[in-house]
Amino acid sequence: MYLPFSKLIHIISAIPNVASCSIEEMAEEFIPNLIEYAEKAETKEKISERGIDFSTLPGKFILSLETCVTCSNCTSNCPTYSLSGEKAHIPGTRLRGIYRAYNQTSPIFRIFSPIIERQSLEKMIWECALCGYCSKNCPLAIKTDSIYLMLRMLMAKAAWMPESLVEFSRTIRNVHNPLGRDNRERLGWVRFRLSRNKKAIDKLGPEAAPMYFEVTVDDILKDKAETVYFIGCNASFFRALSGVPDAMVHILKAVGEDFTILGEEEWCCGYPLLLAGDILGLKEMAIHNIEAIRAKGAKKVVFTCAGCYRVFKHFYTKLLGIKLGFEVIHSTELLYSLCSQRRLNLVAPRIRVTYHDPCDIGRHDGIYLEPRIVLKLVGSDLVEMEKIEEDSFCCGGGGLLKLSNSDLSSKVSIERAKQAAETGAEFIITACPFCELSLREGAQSLKGNKLKVLDITEVVAIQTGLLPLY
Ligand code: SF4
Ligand code: SF4
């Protein structure tokens with residue numbers, strides 16, 4: 001009688017759970033229910049009185065909760081727990097917390113299961129980088145990060161979340177980017193880079209970028225094109241990241257690609273909304289972006305942001321139940337194809353680099369080899385950190401951790417920058433502007449450190465003489 005309410009439940013549930021699946025695989029079953037649930041108009045009183053409603057979740061979700069044996073295999077490399085030391089950040093503890101919350105929704109289970117307070121559960125679910133390390137290291141194949149993400153959607157509906165995230169979602173829905181900027185300013189980086197490139201070449205001489213050419217808005221914003229380059233909000237608005245789109249448009253032009261950007265028609269991809277549990281916001285962004293891309297007649301879309309790429313590739317189709325009608329490519333895949341066909345020529349001297357795997361294309365998508373080959377093909381001596389590929393350590397920017405616990409996010413960034421500095425590399429290279437931002441913050445906090453942080457697209461443009469290094 002006691003077995004179903006105790007930790008020993010995993011004896012029964014472990015066997016079928018080994019065949020459990022990730023959020024992408026569960027999405028078809030789960031997301032339509034959740035959209036219907038999210039669309040239900042309810043009064044605030046009703047929502048807060050009911051709390052989290054687990055009834056929309058698929059059976060596999062509950063099975064996974066019951067399976068955890070608290071073996072701690074997922075704990076050692078968890079970036080949040082290893083830097084905070086707080087029990088609430090242990091991946092297995094987070095799962096037990098959700099299971100307790102679930103048990104409290106049943107009159108019988110409530111008698112046997114210890115109570116979990118709302119505040120504790122919020123800490124467990126929102127202060128997570130959703131990096132996926134725990135999922136990859138669970139011997140019972142529990143998709144922990146998928147479970148946390150799904151729970152965020154339920155908690156957002158019940159308004160069990162930090163106020164900063166509520167405001168964050170509202171901003172994106174209102175102005176279509178998370179920075180609260182006027183969406184018409186998305187092209188500001190073009191003029192900024194034109195002027196910076198000119199200054200750098202005047203100072204360093206033309207040999208600093210022998211293949212350089214000027215790029216204006218008219219060159220990259222067209223009515224129709226074969227390829228759309230989807231820049232992403234961070235690289236569009238943060239001046240510190242403007243080197244990423246500048247590098248990508250120079251590369252695309254240098255190889256003669258027929259491409260366009262979307263300009264103010266590019267809206268947030270919706271990934272930050274998904275991470276904030278706002279499934280309806282994600283749907284709104286998805287519908288707009290797909291229509292904007294189709295209007296250009298594009299057959300493929302290139303992304304430099306790992307988060308944008310992941311949400312297009314894994315969530316848009318399943319969310320809307322329709323085919324995109326275009327191919328989705330991450331910059332590392334495109335650069336791999338261009339560099340291995342020798343369509344770009346190496347002109348700059350060798351550099352010593354280390355590579356940080358962004359979770360959204362690494363653990364969540366298995367892109368490990370392409371960026372490493374690209375770096376070698378453009379004259380880099382790659383020195384690896386100890387934690388790479390499936391065992392990579394988060395940059396600190398994942399899962400909206402910066403908004404839920406800024407100090408912890410910074411500690412994770414510093415730790416990753418330290419790991420990179422230990423390799424003796426001159427550059428940390430990554431393949432996502434948000435990782436770049438977090439790693440820069442980490443590197444700047446290291447005393448006496450001269451590490452530079454660049455995106456792989458920037459490295460390719462610099463090493464092939466398209467842009468100067470400054
Ligand atoms: S590795 Fe799996 S079973 Fe072990 S504590 Fe983590 S989630 Fe639970
Ligand atoms: S997803 Fe990453 S940060 Fe979150 S619990 Fe798992 S290992 Fe820790």
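The values are calculated or read from the model by the stated rules, or taken from the named source; none is laboratory data. Owing to the predicted nature of the structure, the values given are computational and were not obtained by experimental measurement. Virtual Cβ from ideal backbone geometry, glycine too; neighbours counted across all protein chains shown. Remember, those area values only see protein heavy atoms, side chains included, never the ligands or the DNA or RNA. Shrake-Rupley method; radii C 1.70, N 1.55, O 1.52, S 1.80 Å.
Counting only strands (runs of 3 or more DSSP E) that sit wholly inside region 380-470, those with at least 2 residues that are closer than 15 Å to Pro358 by Cβ, not basic (Lys, Arg) and not assigned by TED's automatic domain parsing to the domain that holds Tyr81 are 427-430, 452-455.
I'm trying to understand the selection: among the residues of region 346-377, which are of a type in the set (A, V, I, L, M) and modelled with pLDDT of 95 or more?
Ile351, Val353, Ile361, Ile367, Leu369, Ile373, Val374, Leu375, Leu377
Scanning region 259-295 for residues that are open to solvent by less than 10 Å² (accessible area, probe 1.4 Å) and in a helix (DSSP H, G or I) turns up Gly263, Leu273, Leu274, Ile279, Gly281, Leu282, Met285, Ala286, Asn289, Ile290, Ile293.
Here's the yes/no breakdown for (1) over 17 Å from Ser146 (Cα atoms); (2) among the charged types (D, E, K, R); (3) within 13 Å of ligand 2 (Cβ to nearest atom); (4) over 27 Å from the mean Cα position of the chain (by Cα):
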{"site": "Asn73", "(1), (2), (3), (4)": "yes, no, yes, no"}
{"site": "Ser84", "(1), (2), (3), (4)": "yes, no, yes, no"}
{"site": "Arg94", "(1), (2), (3), (4)": "no, yes, yes, no"}
{"site": "Ile98", "(1), (2), (3), (4)": "no, no, yes, no"}
{"site": "Asn103", "(1), (2), (3), (4)": "yes, no, no, yes"}
{"site": "Ile115", "(1), (2), (3), (4)": "yes, no, no, yes"}
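Note on region 296-375: enclosed helices (runs of 4 or more DSSP H) holding 2 or more residues that are closer than 24 Å to Cys78 by Cα and of a type outside the set (Gly, Ala, Ser) are 306-310. Among the candidates Phe393, Phe312, Phe326, Phe303, the residue that is touching a residue at least 12 places away in the same chain (Cβ under 8 Å) and under 23 Å from Ala425 (Cβ atoms) is uniquely Phe393. For region 51-75, a residue qualifies if it is of a type in the set (Gly, Ala, Ser) and modelled with pLDDT of 90 or more, and exactly one does: Ser72. Considering region 375-384, the residues that are in contact with a helix residue (DSSP H, G or I) (Cβ under 7 Å, 6 or more places away or on another chain) and open to solvent by 10 Å² or more (accessible area, probe 1.4 Å) include one that is farthest from Glu422 (Cα to Cα), namely Leu377.
Mind checking whether some residue in region 185-205 is within 21 Å of the chain's Cα centre (by Cα) and open to solvent by 50 Å² or more (accessible area, probe 1.4 Å)?
Among the residues of region 185-205, not one is within 21 Å of the chain's Cα centre (by Cα) and open to solvent by 50 Å² or more (accessible area, probe 1.4 Å), which makes the answer no.
Only one residue in Arg363, Arg372 is without any contact (Cβ under 8 Å) to a residue 24 or more places away in the chain and either open to solvent by less than 30 Å² (accessible area, probe 1.4 Å) or over 26 Å from the mean Cα position of the chain (by Cα) (or both), so which one is that? That would be Arg372, the only listed residue that is without any contact (Cβ under 8 Å) to a residue 24 or more places away in the chain and either open to solvent by less than 30 Å² (accessible area, probe 1.4 Å) or over 26 Å from the mean Cα position of the chain (by Cα) (or both).
The residue that is nearest to Ala461 (Cα to Cα), among those in region 239-255 that are assigned to a helix (DSSP H, G or I) and open to solvent by 10 Å² or more (accessible area, probe 1.4 Å), is Ala254.
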